[in-house]
Structures are given as structure tokens and as C-alpha cells.
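Q: My questions will all concern the structure given below.
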Amino acid sequence: MTLLCVPIMVQEIDAALADCAEAKRLGAQIAEYRIDHILSGSPEGSQPDDPDARRETDEIIRLVRSSPLPCIVTCRPTFEGGHYDGDDASRISLYERLATIDTPPRYIDVEHATISRSANIRQKVLLAVNHPGQMRGLDTALILSAHDFQRRPADLTRRLLTMRDEPAAKIIKIAYRARSLRDNIELFDILRHTDRPMIALGMGEFGLMSRVLAPKFGAFLTFASLRDASATAPGQPTITEILQRFRFRSINQETRVYGVLGWPVGHSLSPLIHNAGFEALGHNGVYLPMPIAAPDGNTDDNGAYESFKATVLELIEHDALDLSGASVTIPYKQALVRLADEMGESRNWFLSPSARAIGAANTIVVQRDLGSPPSRITIDNTDAPAIAACLSHQAGPVAGRHVVVLGAGGVARAAAYACAAAGANVTVTARRPEEADTLASDLRRTANLDIRTMPWESRHEAPADAFINCTPLGMRGGPAPDRSPIEPDALTNADPASVVYFDTVYAPLRTPMLALAHRLGAPTIDGASMFVKQGAMQFRMWTDRPAPEDLFDGLVRARLSTA
């Protein structure tokens with residue numbers, strides 16, 4: 001069983017003990033006391049008759065003896081990302097003292113770089129831990145660790161081999177800053193081929209997968225902070241997040257993996273609803289944010305597309321990861337269609353007719369037996385049927401009605417397709433007219449749909465029964481959070497109070513456009529409704545079971561109302 005460890009940066013002993021007690025209450029099984037800040041050192045080492053050194057040692061012994069949880073003691077030096085800038089002799093002397101008390105720490109963590117510096121340092125470390133040649137009957141075991149807070153170490157393989165050559169190391173720990181999702185795959189493979197208990201973690205936002213999926217690959221433990229502000233490494237989730245949102249205790253070797261691929265994805269509510277749905281239905285799955293960097297949002301650049309392609313293929317093809325489905329969000333919806341076309345049905349990639357016609361997709365369904373290569377990969381678009389369902393629920397049949405789609409991105413393509421395919425008269429308008437023209441011509445060619453365009457500056461003159469906002473205008477954190485793409489009072493060819501205003505933006509729940517419509521008493525559809533509907537459709541495709549839509553809707557609205 002993979003342990004859940006809460007790291008505690010010790011500043012004051014009683015506060016650290018209180019934090020440990022809280023971590024235990026929340027579900028942690030082991031604590032790591034980081035004593036970097038409270039242990040001092042000198043070039044000569046701490047002397048037995050030094051009152052300050054004795055006081056420090058006594059306080060740390062009190063911490064270990066009183067610990068509510070089994071503990072790891074770590075004094076991380078500055079050269080490996082910690083805060084301790086004293087000498088090795090002081091901290092190693094402390095480790096040896098702790099190993100001989102009546103309730104010693106379960107483990108001490110010592111850097112491979114430390115014991116590699118000299119045979120003398122190594123021998124002193126071995127005096128403090130249990131190992132095959134230890135004659136003192138000690139219970140404390142050694143975690144031998146290596147960290148790189150900047151990148152994947154260039155000598156990672158060599159480093160791992162030399163660490164495995166240390167017989168005193170009961171646990172090996174490797175942690176480095178993940179550069180991409182693919183670094184997680186390497187860490188999982190390291191765990192699969194280890195000769196002893198191991199910790200293998202990616203730091204930073206790209207490494208979350210390695211932390212959450214540690215039980216699937218048999219890691220010895222993973223770390224979760226007690227609170228956001230107390231994280232001891234970049235990318236650590238909190239204990240509440242890892243246990244509640246990601247259902248850490250339910251993850252095992254048979255857990256199927258799902259996620260949201262895009263950039264950025266840290267704000268996505270998809271993990272919230274899908275993990276809750278898996279729990280409600282008893283489905284052994286976990287859903288994760290899976291960022292694929294595209295800092296400028298431009299996936300037409302071949303380098304960005306190739307990175308997306310390589311990442312998706314590696315995740316799908318890794319037989320032990322068991323990726324069984326994914327949501328794909330901006331800016332990769334059109335790139336996903338390109339990828340499906342490149343792979344082709346001869347390699348078991350199947351693109352739905354609607355996704356092909358739209359030219360954008362948001363759903364990957366991977367059919368596979370656990371631990372086996374995929375037998376079929378289906379690429380689909382649930383945005384279009386979700387938009388159609390939301391609009392018909394609010395406004396009735398759309399056939400013959402005038403719908404104006406604002407924007408020309410992936411969601412706009414889905415909206416235009418959904419409405420035109422249902423018989424509506426669709427007009428697309430965008431701030432970049434060439435993008436609206438491309439959307440319209442693409443849908444004429446791929447789906448034989450008559451889509452019209454109009455200049456953005458003329459949008460208030462359109463005859464409209466419904467406006468669908470597919471731009472980021474009004475989105476919290478977007479380029480213009482206070483702007484509405486439509487000013488109802490400015491409409492010249494429609495009764496503003498009878499028009500349906502549909503916003504695909506879901507944060508905030510009441511966007512500026514919907515707030516203006518609400519004041520008129522006009523019918524509205526918020527982005528949460530569409531988000532829930534398209535997510536429910538994905539859920540059914542992945543699990544072959546109806547999604548708990550009421551649960552999804554309640555969770556989304558509760559979260560957005562407090563955001």
C-alpha cells in the first residue's frame with residue numbers, strides 16, 4: 001500500500017506537532033519533519049558541551065518522541081533545494097542520536113550527493129540506520145534521495161544505478177521537475193522496474209500525475225501538503241485534494257486513468273465532476289488535469305502540434321497507465337482531429353462524422369483491456385450535441401430560427417454545426433473576419449451546411465432568435481472579463497427581451513452578457529449547463545453508464561458560486 005505522507009517544515013516544535021495531529025486526522029499515515037530551519041551547524045560540527053546544540057537536539061528528540069504519526073526526519077541542505085546551510089557533521093550526528101532514542105524516527109532521508117562525497121560521511125550515516133552490516137540493532141531505515149528542482153537530471157540513469165548499489169538504502173527516492181507529461185511515464189517505468197521500495201515524483205504542474213497515481217505503480221509513498229502554503233515542493237497537492245478530489249485511497253493497479261488535455265487546465269472543473277461521478281457509480285477510475293504546454297495558444301505551429309501528438313500517443317500507448325479516455329480543451333480541439341486523420345482507421349483510430357465535419361473534437365475514448373495496448377481509439381465531439389440539447393430545452397425546436405454564433409474557435413464550430421444541422425439559419429461573426437469565413441466554408445464543404453457570415457461590427461443588426469457566445473469575452477481571468485459580446489439594448493432587428501442569450505463561458509456563472517439579458521427578463525442559458533451536458537455525454541462514452549447529471553450540476557454551481 002502506498003503511504004500518504006504530509007511534509008511539515010518545522011519552525012516551532014509544538015506547532016509542528018499540532019500540524020502532524022491535524023494531518024493524521026485528515027488521513028495521513030506518515031509525516032516528514034523537515035528540520036532545515038531549526039538545526040544549526042558549524043564547520044567543526046556541534047560540540048557535546050555546546051548548550052545551543054544540546055537544546056536543538058533535545059527539542060528535535062521531543063518532536064520525534066511526541067509525533068502523532070510515524071515519521072521521517074529530513075534536514076535538507078541548500079545544495080539540494082533545502083534550507084540547511086550548516087555542516088554535514090552536525091546533522092549526521094543528530095541522525096545518529098535520534099536512532100538510539102526509545103522511539104526513533106521510522107526513516108531518515110539523506111541525499112545521495114551527501115553520502116557520495118566521502119567514505120567517511122557514508123560510514124557516519126551507516127552508524128545511524130539499520131542495514132545488513134549494522135550490529136547495533138537500530139530500527140531507523142535510510143531513504144536515499146536525489147532531487148533536481150530545475151529539470152530532469154541528465155545523468156538520471158547512472159544516478160539511479162549508483163543509488164541501487166547502496167545496500168543500506170531501504171528506500172530510494174528520486175524527484176525532479178517534470179518538463180512535460182511524458183516525464184511521468186519515465187517515472188512510472190522506474191517504479192515498475194525497481195528492486196526495492198521506491199519514491200519517484202515529478203515536481204511542478206506537469207508532475208501531478210506521478211503524485212496521484214503513485215498507488216497504481218506501487219510507489220512507497222507520495223507527499224501531500226497540509227495546506228497550500230505549507231507545500232515543501234512545487235506541485236504538491238493538499239491532503240484534502242488528493243484524498244477527496246482524486247480519491248487516492250481507491251487507486252490501485254486496476255484503476256483506469258482519464259484526464260483533461262489542454263493549456264492551461266489547472267482551473268478546469270472536469271476533475272471535480274468526473275471523479276465524483278466515478279465514486280457515485282463505483283467506477284474504478286481517476287480523472288486528472290493533464291497540461292500540454294502551448295504558451296501562446298498557437299497549435300498551428302508544427303512544434304506545438306508535434307508536442308501534442310507525441311504526448312497523446314505516449315499516454316495512450318503506455319500499457320500500464322491504462323489511459324481510457326480524455327477530454328480535450330483549448331487550444332487542441334482542432335489538433336485532435338488532425339491527429340486522428342494522421343493515425344487513421346488502419347491503426348484503430350476512428351473519427352466520428354460530426355467531429356470530422358466540425359473540424360474540432362473534445363473527446364477521446366480508448367477501448368482496452370487493463371494492462372494491454374488499446375484496441376480502438378474513438379475521437380468525438382460532445383460540444384455540438386450538448387449545445388443543441390441546451391438550446392432546444394430552453395427555446396424549443398430551432399429549425400427555421402435565426403441563430404448568431406459569436407466567435408470562430410472550436411466551440412463556435414460545434415455551435416454552428418449543431419444549430420445548422422438542426423435546421424436553424426446560422427450566421428457566424430468574429431473579430432477576425434477571415435476566421436469566420438474559414439469556419440463557414442469548412443462547414444459548407446464538410447457537412448453541406450449553409451452558414452452565413454457577417455462583420456463583427458454589424459452583429460447588433462442581425463435578425464436573431466438566439467445569440468451563442470463562443471468568445472472569451474466576459475470570462476473571469478480572460479482578456480475582457482467585464483465586457484459583453486452583445487449589448488441587448490443595441491439590437492436593431494430583434495426584440496431584445498425575446499432573444500435567447502446562450503453563453504458558453506461558465507466562469508462566472510452570470511457573465512456580463514447574461515446579466516444584461518437577465519435585467520430584460522430574456523431567456524438565458526449559462527455555460528455551466530453546457531459544461532455539465534457535454535461532460536455527462538463524455539462520462540457515458542467512457543463508462544457505458546448514465547452520468548449523475550444532477551450531481552454534476554450541483555457540484556459545478558456550488559463551486560462557481562463561491563469562486
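Q: Of the chain, which part is the longest with no GluC sites (Glu not before Pro) in a loop (DSSP not H, G, I, E, B) and with at most 15 other C-beta atoms within 10 angstrom?
A: Here the longest segment lacking exposed loop sites spans 255-563.
Q: Mean projection of the alpha-carbon convex hull of region 394-525 over all orientations, in nm²?
A: For region 394-525, the mean projected area of the Cα convex hull comes to 7.1 nm².
Q: Further question: Beyond a 32 Å Cα-Cα separation, which of these cross-linked pairs lie in this structure: Lys24/Lys173; Lys309/Lys533; Lys24/Lys170; Lys24/Lys216; Lys173/Lys533; Lys24/Lys533?
A: Numbers: Lys24/Lys173 23 Å; Lys309/Lys533 27 Å; Lys24/Lys170 24 Å; Lys24/Lys216 23 Å; Lys173/Lys533 43 Å; Lys24/Lys533 38 Å.
From the list (Lys24/Lys173; Lys309/Lys533; Lys24/Lys170; Lys24/Lys216; Lys173/Lys533; Lys24/Lys533), the Cα-Cα distance tops 32 Å for Lys173/Lys533; Lys24/Lys533.
Q: Give me a comma-separated list of calculated 3J(HN,Hα) values for region 363-368, in order, Karplus coefficients 6.51, -1.76, 1.60 applied at θ = phi - 60°, integers in Hz, x for any Gly or Pro.
A: Running phi through 6.51 cos²θ - 1.76 cosθ + 1.60 with θ = phi - 60° gives 9, 10, 10, 10, 8, 6 Hz.
Q: Determine the gain in length on full extension of the stretch Arg158-His37; use 0.36 nm per residue of separation and subtract their C-alpha separation, reporting nm with one decimal.
A: 40.4 nm
Q: A follow-up question, please. Ser145's amide H: which non-local residues (gap 5+, or another chain) put their own amide H closer than 5 Å, with H modeled 1.01 Å from N in plane and none for Pro or chain starts?
A: The answer is Val110, Glu111, His112, Lys173.
Q: Bin all alpha-carbon pair distances of region 94-243 at 10 Å intervals from 0 and give each bin's fraction as a whole percent.
A: Pairs per bin, as whole percents: 11, 38, 34, 16, 1.
Q: Can you tell me the length gained on complete extension of the stretch Asn284 to Asp58, counting 0.36 nm per residue apart and subtracting the Cα distance?
A: Details: separation 226, 0.36 × 226 = 81.36 nm, distance 4.71 nm.
Extending this stretch completely gives an extra 76.6 nm.
Q: For a quick check: with amide H placed at 1.01 Å from N, whose amide H comes under 5 Å from Val328's, ignoring anything fewer than 5 positions away on the same chain?
A: Leu261, Thr363, Ile364
Q: Each residue of region 383-395 in order: what ³J(HN,Hα) in whole Hz does its phi give by Karplus 6.51 cos²θ - 1.76 cosθ + 1.60, θ = phi - 60°, with x for Gly and Pro?
A: Computed from phi, the couplings for region 383-395 are 4, 4, x, 5, 4, 4, 5, 5, 5, 5, 5, 7, 10 Hz.
Q: Multiply the residue gap between Glu342 and Ala310 by 0.36 nm, knock off their C-alpha separation, and tell me the result in nm, one decimal place.
A: 10.3 nm is the gain from fully extending Glu342 to Ala310.
Q: Give me the one-decimal nm value for the distance between modelled label points at Glu22 and Ala113, 7 Å along each residue's Cα-to-Cβ direction.
A: 3.1 nm
Q: Once amide H atoms are placed 1.01 Å from N in the peptide plane, what residues at a sequence separation of 5 or more from Cys75, or on another chain, have their amide H within under 5 Å of its amide H?
A: HN-HN under 5 Å from Cys75: Ile35, Asp109.
Q: Antiparallel as a % of all DSSP beta bridges within the chain, to the nearest 5?
A: Details: 8 of 76 bridges.
Antiparallel bridges make up about 10 percent of those DSSP assigns within the chain.
Q: Using θ = phi - 60° and the Karplus curve 6.51 cos²θ - 1.76 cosθ + 1.60, what whole-Hz ³J(HN,Hα) does each residue of region 188-203 get, with Gly and Pro shown as x?
A: Couplings: 5, 5, 4, 5, 5, 10, 7, 9, 7, x, 8, 10, 9, 10, x, 8 Hz.
Q: Follow-up question, since we're still on this one. Where does each of Phe539, Phe188, Phe79 land when they are ranked from fewest to most other beta-carbon atoms within 10 angstrom?
A: Phe79, Phe188, Phe539
Q: Then there's this: Mind checking the dipole of region 394-525: about its Cα centre, +1 per Lys or Arg Cβ, -1 per Asp or Glu Cβ, Debye to the nearest 20?
A: For this selection, approximately 280 debye.
Q: Also, quick follow-up: P(r) of region 170-280 in 10 Å steps, Cα pairs, percent per bin?
A: 14, 47, 35, 5
Q: Compute the label zone of Leu370 within region 267-288: residues whose backbone N is under 17 Å from the point 7 Å along Cα-to-Cβ.
A: Flagged as within label range: 278-279, 281-287.
A short reminder: the numbers here are calculations on the coordinates, not readings from a lab. Since the model is a prediction, treat every value here as computed from it, not as a measurement. Counting neighbours? That spans all protein chains shown, and the Cβs are built from the backbone with ideal geometry, glycine included.
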